[in-house]
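The values are calculated or read from the model by the stated rules, or taken from the named source; none is laboratory data. Fair warning: this is a prediction, and the values are worked out from it, not measured in the lab. Backbone-built Cβ (ideal geometry, glycine too); neighbour counts: all protein chains shown.
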């Protein structure tokens, strides 16, 4: 018999807030986390804009030995995971005795790798690199560090799927718990913020150059958009079987009802309608839900013309023109590998507090965005069920449906 899967903890380390309380305030007030970054200007970026998250000071929480193998993604992920596990009433001692897995989305460690190579170039001696570098350089840096810090004994894998990484990590964790293979899994996504990580994207001309007004640069669905804004941080979503959550007396924040996925099988960077359409429909079919019960859609919409257009068409075709839609990327920028996880966290905060966060900077629709119900301002609304989309390079698509828990 398939198990029900619920969410018991959320942690956020984001450009719009460190922790859930700060994030909630930003979501309510439409506060942007995007800045003009002088480091990008000095480095040679075409676009100098980014969603900014400072590196945390981990000394109060971790020993030097625990910190030595951590670079930006792992640092951010430690902070979001710490918050999520505290909410879920989980600690290392419990998880050491009760099998708990980890699936984290991460698709780059550019900053750590380049720092290591620079050491070799300067010293001409690989033995002087330092013992922690290998654990910072590997794409599974988040999993390696968190699994040892928290004594996790279950599944331990990094999921790499471009900008759908965080969403797929939750979806895959959901399937494992649903089938009874795990009781609880720490899921999430992490994204480094440094000048090395996004240089190639900038070279493609994918980023906004609205330097005179950084907070207005990210404009999902608006006809005046000129590209996305990179961002990052980390988000952690603790999921577990309903039986486990009830037995522990854990808070139940929502229930995962459906996970849809697809591959476009087409262009390596351009999205298409068919893949997104199939992902949305698969999530609804698995959840056994009528499209009319979806109260809110947190759109992937990154503020690029082709991407926003394809998603608007898919949402309209599957869900119609009434369901409220907003892209929290209008405030955060595109959090890339973490976005699919953080946007579940943002949407859960909306569901708990009965509002839809605004799609800020939405002033003039195009032919496709005018066909769906985009919410440009804070709107009070009861949300019982929401859908979150994440789409990535290579044509990877993920859609998750979360519902308020009912016994």
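Condition first: surrounded by fewer than 24 Cβ atoms within 10 Å (Cβ to Cβ) and in contact (Cβ under 8 Å) with a residue 60 or more places away in the chain. Now tell me which residues in segment 234-251 satisfy that. Within segment 234-251, 241, 242, 243, 244, 248, 249, 250, 251 qualify. Scanning segment 179-190 for residues that are in a loop (DSSP other than H, G, I, E, B) and in contact (Cβ under 8 Å) with a residue 40 or more places away in the chain gives 179, 180, 182, 183. The residues listed here are 170, 193; of these, the one that is in contact (Cβ under 8 Å) with a residue 40 or more places away in the chain, part of a loop (DSSP other than H, G, I, E, B), touching a strand residue (DSSP E or B) at 6+ places or on another chain (Cβ under 8 Å) and surrounded by 24 or more Cβ atoms within 10 Å (Cβ to Cβ) is 193.
Residues that are without any contact (Cβ under 8 Å) to a residue 12 or more places away in the chain, more than 18 Å from the chain's Cα centre (by Cα) and closer than 24 Å to residue 135 by Cβ: list the helices (runs of 4 or more DSSP H) wholly contained in segment 1-87 that include at least 2 such residues. Reasoning before the result, please.
Values: elements: 20-29, 38-43, 64-67, 72-87.
Output list reads 64-67.
Against the list (1) in contact with a helix residue (DSSP H, G or I) (Cβ under 6 Å, 6 or more places away or on another chain); (2) closer than 16 Å to residue 69 by Cβ; (3) surrounded by 19 or more Cβ atoms within 10 Å (Cβ to Cβ), the condition residue 129 fails is (3). Residue 85 fulfils the conditions (1) out of contact with any helix residue (DSSP H, G or I) (no Cβ under 7 Å at 6 or more places or on another chain); (2) farther than 21 Å from residue 254 by Cβ; (3) surrounded by fewer than 24 Cβ atoms within 10 Å (Cβ to Cβ) except for a single criterion, (2). Among the residues of segment 89-104, are any in contact with a helix residue (DSSP H, G or I) (Cβ under 8 Å, 6 or more places away or on another chain), modelled with pLDDT of 95 or more and farther than 22 Å from residue 182 by Cα? No, there is no match, as no residue in segment 89-104 is in contact with a helix residue (DSSP H, G or I) (Cβ under 8 Å, 6 or more places away or on another chain), modelled with pLDDT of 95 or more and farther than 22 Å from residue 182 by Cα. Going residue by residue through segment 118-128, is there one that turns out to be over 21 Å from residue 234 (Cα atoms), assigned by TED's automatic domain parsing to the domain that holds residue 74, assigned to a helix (DSSP H, G or I) and in contact (Cβ under 8 Å) with a residue 12 or more places away in the chain? Within segment 118-128, one or more residues are over 21 Å from residue 234 (Cα atoms), assigned by TED's automatic domain parsing to the domain that holds residue 74, assigned to a helix (DSSP H, G or I) and in contact (Cβ under 8 Å) with a residue 12 or more places away in the chain. Within segment 213-229, can one find any residue that is assigned to a strand (DSSP E or B) and either in the same structural domain as residue 44 (by TED's automatic domain parsing) or within 22 Å of the chain's Cα centre (by Cα) (or both)? Yes, some residue in segment 213-229 is assigned to a strand (DSSP E or B) and either in the same structural domain as residue 44 (by TED's automatic domain parsing) or within 22 Å of the chain's Cα centre (by Cα) (or both).
Quick one: which residue in 31, 20 is assigned by TED's automatic domain parsing to the domain that holds residue 240 and either at pLDDT below 95 or closer than 30 Å to residue 181 by Cβ (or both)? Of 31, 20, the one residue that is assigned by TED's automatic domain parsing to the domain that holds residue 240 and either at pLDDT below 95 or closer than 30 Å to residue 181 by Cβ (or both) is 20. Looking at 138, 257, 144, which is the one that is without any contact (Cβ under 8 Å) to a residue 40 or more places away in the chain, touching a helix residue (DSSP H, G or I) at 6+ places or on another chain (Cβ under 8 Å) and surrounded by 17 or more Cβ atoms within 10 Å (Cβ to Cβ)? It is 138.
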